[in-house]
Amino acid sequence: METKNRIITRTVRIGKNLLMGGGNPIVVQTMCNTHTSDVEATVAQIRELSEAGAELVRITVPGLQDVPKVKEIMEILRSEGNFVPVVADIHFSADTAIAVAPLVEKVRINPGNFHKNYETARELFIKFIAVCKQHDTAIRIGVNYGSLGAQITEKFGNTPLGMAMAALDWIKMCEQEGFHNYVVSLKASNTVTMSRAYSSLINLLKESDMEIPPMHVGVTEAGGGDTGRIKSCVGIATVLSEGIGDTIRVSLTEPPVNEIPVARYLAHAEKGDPMLDAAITWGPKLLKGEIDRIPEDAGVSQYLDDEIMQAARRRFYKPDYIACPGCGRTMYNLQETFEQVKARTSHLKDIVIAVMGCIVNGPGEMADADWGYVGEGGGKVSIYKKGQPILRHVPDYEAIDKLLELITQHTEEDL
Ligand code: SF4
């Protein structure tokens, strides 16, 4: 991978010992897919992930009822001498973010989701910052494509620039509050969108003459298997090749421990895996428009050529799948269902199918999908078409059949 000189960001300290940004080595991180309410399973997974090389581990905290569980998890880990910094992943609930901030090393939030009303969201974010300041807790401002809020989309659309502007807004607020212990991410499942969003934000910060915070880089909902690995490498390597990136997460719809070798490969610029090397070499050139195809004499197999071209969104030889990695909010056996959906839809073309673990975040995070399979909980599934639910409460044992039925019916109607 040709890498520009790394952009020097501000150094942020996560917990006592982990330094992120400021030219420090790229931090490898991942996220548990256990239910946080299951303390034993979550502690066991954090242990497994930290032993496998995760330097930072995230756990989901769906609501206030889970905060005491986080306390228990932290106490057990620390009493065992495991000091891996833990990140609490919060969606929507400012109360939960505020309650959990004193217990963990870092909290990931999308402040825009704190409230539908922008002014209220700002007020809640300021309250949250004050708590983080008091307890020396770091923050990740996690902006995701598809959940930017009307305030941004009305002016900039659902675009990479819109993502960068949303982040800039919250960055400015942190600075105004004198809070500097934060990291920023701009994630999308579309590699073109995510890579452009990071470049846009860096340009905006440079234009404003502002110090650049550490950047957390990742492709969301990349799926699993070769496709998920290739898509992640294409997107993340492109951003790294621009000199951007202080921490990375490879999201795979697989056990989270499988993410770590791929993330380490990217973070440490390793070589020797032909598939990852091809994705890392050719993906950035394709995404940045330096080439239109992988040269024939590059020694890349037809299969890898197809996969890399699709990951770079240059040629689609099979459906594009979006699948979340799963977390403590996941409502069903995500990996098994995703494999079944892929097996039964692989004959389709020019279609984006999303398989999402929960109804809370799934719909927002699959903004580009033509079709969505979203777990509701209690063995029920919602089926979405172009971001709108068209069938709710479908029993999971018949949901894939229904999805296929609807796709066929709508394809025929569209003909
Ligand atoms: S969409 Fe998937 S990864 Fe995101 S919160 Fe829901 S279950 Fe977790």
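The table below gives the values:
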| item | result |
| --- | --- |
| Highest-MSF residue in the chain out of P213, P319, P284 [GNM, Cα springs under 10 Å] | P319 |
| Percent antiparallel among DSSP beta bridges (both partners in the range 320-414, rounded to 5) | 60 |
| Whichever lysines have a C-alpha closer than 18 Å to that of K385, once near sequence neighbours (fewer than 8 apart) are set aside | K342, K349, K402 |
| Most mobile listed residue (V27, V355, V131) in the chain, GNM with C-alpha springs under 10 Å | V131 |
| Calculated [θ] (222 nm, deg cm²/dmol) that DSSP helices of n ≥ 4 give over the chain, each run adding -39,500 (n - 2.57) | -13500 deg cm²/dmol |
| Relative contact order of the chain, defined on C-alpha pairs under 8 angstrom at six or more residues apart (%) | 14 |
| Long-range HN-HN contacts of R140 with modeled amide H, under 5 Å | V107, R108, I109, V183 |
| For the range 8-94, share of DSSP beta bridges that run antiparallel, in % to the nearest 5 | 30 |
| Cα-projected label distance for T408 with Y317, points at 7 Å along beta-carbon direction, nm | 2.7 |
| Two-decimal log10 I(q)/I(0) for the chain, as the Debye equation yields it once each C-alpha is a single scatterer, q = 0.07, 0.09, 0.14 Å⁻¹ | -0.30, -0.51, -1.33 |
| Axial C-alpha extent at least 30 Å, average Kyte-Doolittle at least 1.0 - helices from the chain (DSSP) | none |
| Positive minus negative residues near K402 (Lys, Arg vs Asp, Glu; Cβ under 13 Å) | 0 |
| Percent antiparallel among DSSP beta bridges (both partners in the chain, rounded to 5) | 30 |
| Dipole moment magnitude, nearest 20 debye, the range 253-306 about Cα centre, only Lys, Arg, Asp, Glu C-beta charged | 220 |
| Cα gyration tensor shape of the range 219-288, rounded if a/c is under 1.5, else prolate or oblate by comparing a/b with b/c | rounded |
| Segments 16-24, 387-395 sorted - mean Cβ within 10 Å per residue, highest first | 16-24, 387-395 |
| At most 15 other Cβ within 10 Å, DSSP loop - trypsin sites (Lys or Arg not before Pro), the range 54-124 | K116 |
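Just so you know, all these numbers are worked out from the coordinates, no wet-lab data involved. Model, not experiment: these values are computed from the prediction. Because the Cβ atoms are built from the backbone with ideal geometry, glycine has one as well, and the counts that use them run over all protein chains shown.
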